[in-house]
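To start, the structure itself, in structure tokens.
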Ligand code: SF4
């Protein structure tokens, strides 16, 4: 009986490579989550904020800009504009100057002032806490909504996929896609939901500290044993030298 069952299982796996790959991928994601939890016990959003509105603004400002630069701009901004009504009434030309150093200041001004005007007119000045309502705000896409939901409302509705998450998910062979929304869907199938927000922090932290876009530090990597790319990068010289 046991022999038959075991043989059946092997045959099934041989005939169903997709299922075999999925199992392996899910196992790798689980092992990575276990390891990252120990390596980065304090992983968190590196944008400074004290409420959902501030996080929404900071996240819009962080597009094509470093968190460090955003954190230099936001203290004065949050002091001058304490709530959505204040942002909604800001003069666009003045606001553009105030956020100029974060880059793309015209489109960011349109997004921030437009989002705040909608928050005032449709949500009584409070940032909504659903994916649908957040994505309906001007200039707010799924990635920004995921940041706000996960970090300000502690809701795991999706996974933030930025440039680090894309690069590391590919290096870990957790996805074959390059489109952010497809990668998010792939990750949501294999990463436990309770870890969706942390997962992005872990990959972003690792991407900033170890798994650089150019010359990743594979020799010192804490998850080398779980990464199918590390050995290849060492062999081809793509990794940083020891
Ligand atoms: S082994 Fe190299 S490629 Fe893999 S996660 Fe570590 S640094 Fe990145």
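The values are calculated or read from the model by the stated rules, or taken from the named source; none is laboratory data. What you see is a predicted model; the values in this text were computed from it and never measured. Cβ: placed from backbone, ideal geometry, glycine included. Neighbour counts: every protein chain shown.
At-a-glance table
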| read-out | value |
| --- | --- |
| Test set (1) near the ligand (Cβ under 8 Å from one of its atoms); (2) touching a residue at least 40 places away in the same chain (Cβ under 8 Å); (3) more than 23 Å from residue 62 (Cβ to Cβ) - residue 233 fails condition number | (2) |
| Residues (surrounded by fewer than 20 Cβ atoms within 10 Å (Cβ to Cβ) and under 26 Å from residue 97 (Cβ atoms)) located in segment 114-156 | 114, 117, 118, 120, 121, 125, 138, 139, 141 |
| Of all residues making up segment 172-185, the number that are crowded, with 21+ Cβ neighbours inside 10 Å and part of a helix (DSSP H, G or I) | 1 |
| Given (1) modelled with pLDDT of 95 or more; (2) more than 8 Å from the ligand (Cβ to nearest atom); (3) in a loop (DSSP other than H, G, I, E, B); (4) in contact with a helix residue (DSSP H, G or I) (Cβ under 6 Å, 6 or more places away or on another chain), index of the condition residue 214 fails | (4) |
| Hey, residue 167 exposed (fewer than 15 other Cβ atoms within 10 Å of the Cβ) and either assigned to a helix (DSSP H, G or I) or within 13 Å of the chain's Cα centre (by Cα) (or both) or not | no |
